[in-house]
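Written below as structure tokens is the structure these notes are about.
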Amino acid sequence: MTEINLQGINETIYYDECPNGLKIYMWVNKKVNTFYGTLSVKYGSIYNKFKIKNKVYETPSGVAHFLEHVKFNEDESTTAHDYFYKLGSDTNAFTTFHYTNYQVFGSDNAKDNIIHLLDFVQNDYFSKKIINNEKGIIIEEAKMGEDDPYTIMLFKHLDNLFKSSEYKKLITGTIEDIKKTTIDDIKLVFDTFYHPKNMFLVVTGNFNPYEIVEAVKENQNKKEFKEFLNPERIVLKENKKVNKNYEEVNVNVASRKIKIGIKIPKKSLKNYDDLHIRIYLNMLLKANFGNTSDFKDELLQKELINSMSYMTEIFDYYVIIMFTIDSPYKEEINKVFQEKFQNIDISLDTFKRIKKSNIASLILEYEDVEFVNNLIQTEILYYGKIIDNLKEIYTNLEYSEIEEFINILDLSNTSTLILNPLDK
Amino acid sequence: MEYRKFDLNSYNIHTIKTDKFKTVRMEIIFSREVAKEEMPFFTFLCDLLTDTSKKYKTRKDIAIRLEELYKTVFYGVTNKAGNLFTTSFVLEFISPIFIEDASYLEEVIKFPFEFINKPRIKNREFDITSFNIVKRRMKEEIEGIKENALRLALINALNKMDQESPSATRVLGTIEDLDKITPSNLYDTYLELFNSNCDIFIIGNANMDKIVEIIKDNFKNRVIKLNKPKLLVNNKTRNKYQLVKDNSNFVQSTLVMIYNINNLDNYDKDINFHVFNYILGSGGITSKLYQKLRSENSLCYSVRSLYLKYDNLLVIEVSLDKSNVKLAEKLIRKCLKEMLKGEYSEEVVSDAKKNLIFSLKTGLDNNVSILNNYVFNYFANLPLIEERIKGIMNTNKEDLIRCSKAISLNTIYIQDAGDNND
């Protein structure tokens, strides 16, 4: 087992790998009563088209999410919930664009819980009856999404940013996708992606890491897995330009919402790795659009906005920035934002202040077992490893570097979506 | 964990010392009984007081200072539990043991009192620019309720049950309530805030004696302590339940069933009813309601029962296809009948107890849960988490049947899906 010391924040991540390729990451906190175990499969909703050697496969959208639902059935009459319930633990799962995550959260018997987490996720039992029963439930879940204006807003906006990317499709799939999903689709993606080499286990909280590693290795050694076929996700060709510059739609929002998205080809930032892109962008967005910015303050004081927020994502070959603004003034808002995009800056004082507060927040990150578990998952998914020198990276950031980044950052490729209330 | 109470004549400070967390959390709680007309005023005031002050004029000034204080978090929030209405100012900051700056603790503890003691007022009126910012934000929040099918259905259902009941009132109020608030009458509300009870709760790893001294130097509440507000709402019961239907534009229909909880003693309410509710519908996918409605009949994605202890109410809610509402109602009634007859095994009871104990143990890992437990221990004699765990261990089927017998149906509320969604 390897101990990864997180420099400057006095925390340790334990790391090991099973002979079959399953990677294990652990963070121990003896002050808490609970543990949190997650098994992540690097297979999410954007893997609808993939290639094994030269053969191309295509599945309906939403299959990753469908599989997540039926995965809890261990046979025709037993679910993983039954097992965990008896142990007094809680279990759940979620599917994102990039991965599927299965969780168990408990206070006793960490070893038994973690082993059963592996057992039920790696179990290959599926039946037509189970799949048909689940369809009704997933359709109701999809309908809940249709009633949620924020889900509608997000996917409408992604649809306007991307011409062909899988990121524009609902994670649940549409009701038609759900209806046409078959047991063969489910088995195909399970056999292809649910391999230990394509999974990683993260355990955080109060437990003995040596006991967990030994039990996991013993469990994995007993199981046979077919050869991992290295499926390759087919990334659909995407236009550099946004799909639609401007659109207005009527949805069930109480007041007008404005979404402005920026699509930046990663090629234009080729001198920077993903970690630095995220660090620089977050600092810049905070300085220019956050609560401490003059821009937001002015918009509030002038009564142009009621609230605003932003998020950044890296989707395949594009960096996406999305602003959500609550304001009745669509033309003025679009105009002032477009102007601001051409005048991004950060003062030396602001740079120093944000740097200091980012370092302070590193201390706080390692406390809550669920938060730390998610943090580790994110680092593995984003960077393929634990970043053990974040404090050093922040400490060594130079003002001139961010100035250089601003010089090459092009925020002109935008898409604006106006969401008007239904009755106005 | 070490609990201490400091009686400072016009307010109390409750400290909970523990080295379990890296942050220290402080809640300054002004409490009074629910009064429908007052609550929107206090909610507005709470938002405005944390948005501007004499020293920190704008949200930007506040955000910069909080960043300087090592990412301290500060906000105001109003809440209602039964008949108790609270206006709270919350501060969460890194424990001083991690910070070398000697003046840090004093600077950070002083921060919220800067807002409570020195609001941005001129000629007995709040500053109009900040007032308007908060007004727009509150309007957005009130109108935003219409966007959420489940939330809207629950609010409407409680209103139909009894619009005069404190259980049906909302801390935000309505747009009409909001329009009654002015910079001038809000100043009266500010003065009235100090006619409330005041309790300050602090949890974390810090020198509590020093914190008490800093607070004493910075906060003089002018009113002598009042009696603690009464929490429990005794909602009226009905001989025969009422059925109410509303139309909506949502894709799914929402069914809400409200039950009164009658004549249970405090122990049953604090301990046994939680086990009853867990088996019925709060226990997630293994609960009776989930099994009947979701697993066996694929009617919904989720269904839950909500125990509103201080309102003496049990609420069951589910969103589903319009055509399945009748069947869902029938199945919910069937579940409750089975609960009444004790049609579940001893194993089910034992598993539910185990799971509830786990939930309570997770609360011991969370500073907000521990602090809340002390708050309700003080206001309502709610046993501490460790005592509740012991109590749940002793719950048996007889206790659960007694809980089943205590409920009676009051209102069935259906928020129908739009006509295009048949």
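Odds and ends about this structure:
- Exclusive hit being within 30 Å of B:LYS405 (Cα to Cα), surrounded by fewer than 15 Cβ atoms within 10 Å (Cβ to Cβ) and among the acidic types (Asp, Glu), set B:GLU213, B:GLU296: B:GLU296
- Hits in the range A:53-68 - residues which are part of a helix (DSSP H, G or I) and either within 14 Å of chain B (Cβ to nearest Cβ) or without any contact (Cβ under 8 Å) to a residue 12 or more places away in the chain (or both): A:HIS65, A:PHE66, A:GLU68
- In the range B:86-126, residue surrounded by the most Cβ atoms within 10 Å (Cβ to Cβ) [restricted to those that are closer than 22 Å to B:ASP47 by Cβ and within 11 Å of chain A (Cβ to nearest Cβ)]: B:PHE93
- Flag if A:THR172 is out of contact with any strand residue (DSSP E or B) (no Cβ under 8 Å at 6 or more places or on another chain), under 23 Å from A:PHE50 (Cα atoms) and within 14 Å of chain B (Cβ to nearest Cβ): yes
- A single member of B:ARG238, B:ARG170 is assigned to a loop (DSSP other than H, G, I, E, B) and touching a Lys or Arg at 6+ places or on another chain (Cβ under 9 Å), and it is B:ARG170.
- Among the candidates A:PHE94, A:PHE50, A:PHE84, residue that is part of a strand (DSSP E or B) and either more than 24 Å from the chain's Cα centre (by Cα) or within 30 Å of B:LYS22 (Cβ to Cβ) (or both): A:PHE94
- Note on the range B:184-206: among residues that are among the acidic types (Asp, Glu) and outside any strand (DSSP E or B), the one that is nearest to B:ILE128 (Cα to Cα) is B:ASP188.
- Cross-chain or 6+ apart pairs with Cβ under 6 Å, the range A:146-160 first and at the interface with another protein chain (Cβ under 8 Å from one of its Cβ atoms), then part of a helix (DSSP H, G or I) and not acidic (Asp, Glu): A:ASP147/B:ALA149
- Flag if A:SER400 is part of a helix (DSSP H, G or I), away from chain B (no Cβ under 14 Å) and without any contact (Cβ under 8 Å) to a residue 12 or more places away in the chain: yes
- Given (1) within 14 Å of another protein chain (Cβ to nearest Cβ); (2) modelled with pLDDT of 95 or more; (3) part of a helix (DSSP H, G or I), number of the condition B:GLN291 does not satisfy: (2)
- Scanning the range A:320-334 for residues that are over 30 Å from B:GLU68 (Cβ atoms) and either assigned by TED's automatic domain parsing to the domain that holds A:LYS163 or assigned to a strand (DSSP E or B) (or both) returns a single hit, A:ILE320.
- Qualifying residues in the range B:243-259 (those that are in a strand (DSSP E or B) and more than 27 Å from the chain's Cα centre (by Cα)) - the one nearest to the other protein chains (Cβ to nearest Cβ): B:ASN247
- Matching residues, the range A:16-33, being crowded, with 19+ Cβ neighbours inside 10 Å, within 24 Å of the chain's Cα centre (by Cα) and either of a type in the set (Phe, Trp, Tyr) or assigned to a loop (DSSP other than H, G, I, E, B) (or both): A:LEU22, A:TYR25, A:TRP27
- Between B:LEU340, B:LEU382, B:LEU371, the distinction of being surrounded by fewer than 17 Cβ atoms within 10 Å (Cβ to Cβ) and either in contact (Cβ under 8 Å) with a residue 24 or more places away in the chain or part of a strand (DSSP E or B) (or both) belongs to B:LEU340 only.
- Restricting the range A:351-364 to residues that are more than 9 Å from every other protein chain (Cβ to nearest Cβ) and in contact (Cβ under 8 Å) with a residue 60 or more places away in the chain, the residue that is farthest from A:GLY37 (Cα to Cα): A:PHE351
- Out of B:GLU92, B:GLU67, sole residue that is assigned by TED's automatic domain parsing to the domain that holds B:GLY173, under 22 Å from B:ASN218 (Cβ atoms) and modelled with pLDDT under 95: B:GLU67
- Residue check, A:SER45 in a strand (DSSP E or B), within 28 Å of A:ILE175 (Cβ to Cβ) and within 19 Å of the chain's Cα centre (by Cα): no
Results for (1) hydroxyl-bearing (Ser, Thr, Tyr); (2) in contact with a Ser or Thr (Cβ under 8 Å, 6 or more places away or on another chain); (3) under 30 Å from B:PHE89 (Cβ atoms), shown as yes or no for each residue.
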position: B:PHE358; (1), (2), (3): no, yes, no
position: B:ASP365; (1), (2), (3): no, yes, yes
position: B:LEU384; (1), (2), (3): no, no, yes
position: B:ASN410; (1), (2), (3): no, yes, no
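- Residues satisfying the stated conditions in the range A:231-255, i.e. within 14 Å of chain B (Cβ to nearest Cβ) and touching a Lys or Arg at 6+ places or on another chain (Cβ under 7 Å): A:ALA254
- In the condition set (1) over 21 Å from B:ASP7 (Cβ atoms); (2) touching a residue at least 12 places away in the same chain (Cβ under 8 Å), B:MET208 is compliant with all but (1).
- Selection status of A:ILE321, in contact with a strand residue (DSSP E or B) (Cβ under 9 Å, 6 or more places away or on another chain), farther than 30 Å from B:ASP127 by Cα, more than 11 Å from chain B (Cβ to nearest Cβ) and surrounded by 17 or more Cβ atoms within 10 Å (Cβ to Cβ): yes
The values are calculated or read from the model by the stated rules, or taken from the named source; none is laboratory data. The structure displayed is predicted, hence computed values, not measured ones. Ideal geometry is used to build each Cβ from the backbone, glycine not excepted, and the neighbour counts take in all protein chains shown.
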